[in-house]
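Here's the structure, in structure tokens; my notes come after.
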């Protein structure tokens with residue numbers, strides 16, 4: 001804990017919607033929690049470098065990634081921030097093994113057999129390596145997406161509603177893997193969700209996003225009891 | 001009846017060589033222009049788009065004549081190429097390839113551009129978060145996913161180049177062994193007495209080559225499609 005891992009203070013106008021979000025995240029898992037359309041995904045895209053804020057600053061481990069005052073904007077491919085998207089976004093023309101290896105190759109990192117075996121075992125995807133993403137179930141696809149993001153050795157992992165595209169049974173099937181990921185990967189994570197039930201299982205810190213603003217931040221007590229019981 | 005004479009074989013070989021050179025030569029600029037038109041907004045984009053499509057709507061004779069003015073030995077571009085690089089287009093098979101490449105260019109660009117536009121940009125975003133810079137995103141994600149469109153464009157380009165007549169004959173004339181393609185040879189044969197049998201033989205050859213190209217492209221495209229959607 002102690003020092004902030006991630007500091008975000010950004011403003012962005014998106015059509016009629018205006019976003020002004022400020023929060024800090026420490027190690028472990030921080031949830032960005034809020035209803036659909038509150039601007040969570042835009043925040044994730046700004047942290048990843050896929051969307052430039054109009055104003056503000058984003059810093060990770062003391063390094064400034066974006067600063068409108070200093071005109072800094074580190075491009076996405078140099079940020080080393082792993083992202084798991086809601087729809088997985090696996091490359092359809094590459095096998096699972098090549099998808100998993102993609103980040104490492106693009107970063108120019110040496111091949112690390114032990115690490116890939118560890119991640120593959122952690123996510124239980126060893127039997128899928130030769131398949132193409134088109135032949136995976138939704139749950140398998142998301143597990144591969146976790147692995148792909150993890151194997152690029154990210155400094156931070158952004159999980160953008162990673163379970164939202166799955167039905168309840170698949171969610172329950174994947175959740176244990178997420179918990180393992182949290183406990184064993186040792187990478188700070190931002191977990192975006194509108195489902196309190198997921199967040200309770202994963203996160204330790206919560207930032208509540210409402211209507212383009214960070215309305216509150218603190219511990220799990222921010223999720224009111226009613227919402228907690230809704231999902232699981 | 002179906003034995004080709006040596007002159008006819010020359011025309012067939014020359015046609016294939018010209019169409020192949022035109023297609024391969026048009027491919028790199030074709031990919032670049034298609035990408036620009038599909039993915040970038042810049043000043044003069046409409047102009048570039050129009051310019052690329054011009055050979056499709058201009059009378060081929062006009063395109064051929066413009067090529068003659070610019071790329072002929074005395075033309076502004078042709079003179080430079082001749083003096084400094086020793087490259088001559090006029091009345092050579094290379095000139096025929098240039099004319100065919102220019103005429104087929106719009107078809108190539110169109111097919112590739114459509115396939116670029118059909119690619120899910122979110123996959124490219126995902127690649128960049130994984131550490132791929134713009135060039136690597138293009139080489140490892142955009143281009144492989146556009147492959148079926150690129151192949152379709154190549155076949156269209158090849159077929160168009162094979163059949164090109166007006167611009168070629170205007171630019172480089174109709175010299176047997178130099179610039180006389182199948183089309184030009186058929187045209188010549190229809191102008192002389194007793195040329196019908198030979199003309200028909202070349203017509204058959206043209207049909208066979210075109211069909212073979214279509215079947216090959218279909219096969220490649222299906223293979224590429226399989227690669228992306230399962231198996």
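What follows draws every value from the coordinates through simple rules; no lab data is involved. The model shown is predicted, which means the values in this text are computed figures rather than measured ones. Cβ atoms come from the backbone with ideal geometry, glycine included; neighbour counts cover every protein chain shown.
Summary of values
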read-out: Residues located in region A:54-75, provided they are more than 17 Å from residue A:192 (Cβ to Cβ) and either in contact with a helix residue (DSSP H, G or I) (Cβ under 6 Å, 6 or more places away or on another chain) or assigned to a strand (DSSP E or B) (or both); value: A:55, A:56, A:57, A:59, A:63, A:64, A:65, A:66, A:67, A:72, A:73
read-out: Residue match in region B:120-136 (condition: buried (at least 21 other Cβ atoms within 10 Å of the Cβ), touching a helix residue (DSSP H, G or I) at 6+ places or on another chain (Cβ under 6 Å), free of Cβ contacts under 8 Å to residues at least 60 places away in the same chain and more than 14 Å from chain A (Cβ to nearest Cβ)); value: no
read-out: Helices (runs of 4 or more DSSP H) enclosed by region B:120-201 - at least 2 residues per element that are under 19 Å from residue B:10 (Cα atoms) and more than 19 Å from the chain's Cα centre (by Cα); value: B:182-190
read-out: Condition broken by residue A:149, with the remaining ones in (1) surrounded by 19 or more Cβ atoms within 10 Å (Cβ to Cβ); (2) in contact (Cβ under 8 Å) with a residue 24 or more places away in the chain; (3) farther than 28 Å from residue A:61 by Cβ satisfied; value: (3)
read-out: Residue A:98 part of a helix (DSSP H, G or I), more than 9 Å from chain B (Cβ to nearest Cβ) and closer than 15 Å to residue A:180 by Cβ; value: no
read-out: Every residue from region B:137-149 that is touching a helix residue (DSSP H, G or I) at 6+ places or on another chain (Cβ under 6 Å) and facing chain A (nearest Cβ under 7 Å); value: B:141
read-out: In region A:56-80, residue nearest to the other protein chains (Cβ to nearest Cβ) [restricted to those that are surrounded by 18 or more Cβ atoms within 10 Å (Cβ to Cβ) and at positive phi]; value: A:80
read-out: Residue B:61 under 18 Å from the mean Cα position of the chain (by Cα) and either closer than 29 Å to residue B:217 by Cβ or part of a helix (DSSP H, G or I) (or both); value: yes
read-out: Of residues in region A:112-149 being within 11 Å of chain B (Cβ to nearest Cβ) and part of a helix (DSSP H, G or I), the one nearest to residue A:102 (Cα to Cα); value: A:148
read-out: Checklist (1) out of contact with any helix residue (DSSP H, G or I) (no Cβ under 8 Å at 6 or more places or on another chain); (2) farther than 26 Å from residue A:196 by Cβ; (3) surrounded by 20 or more Cβ atoms within 10 Å (Cβ to Cβ) applied to residue A:98, failing item; value: (3)
read-out: Subset of region B:31-52 (residues that are farther than 21 Å from residue B:121 by Cβ and buried (at least 17 other Cβ atoms within 10 Å of the Cβ)); value: B:52
read-out: Number of positions in region B:165-205 that are closer than 26 Å to residue B:3 by Cβ and in contact (Cβ under 8 Å) with a residue 60 or more places away in the chain; value: 18
read-out: Single match in B:81, B:4 (criterion: out of contact with any strand residue (DSSP E or B) (no Cβ under 7 Å at 6 or more places or on another chain) and part of a helix (DSSP H, G or I)); value: B:81
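Matching residues to (1) within 14 Å of chain B (Cβ to nearest Cβ); (2) closer than 24 Å to residue A:220 by Cα; (3) buried (at least 17 other Cβ atoms within 10 Å of the Cβ); (4) under 17 Å from the mean Cα position of the chain (by Cα):
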{"site": "A:7", "(1), (2), (3), (4)": "no, yes, yes, yes"}
{"site": "A:32", "(1), (2), (3), (4)": "no, yes, yes, yes"}
{"site": "A:36", "(1), (2), (3), (4)": "no, yes, no, yes"}
{"site": "A:54", "(1), (2), (3), (4)": "no, no, no, no"}
{"site": "A:84", "(1), (2), (3), (4)": "yes, yes, yes, yes"}
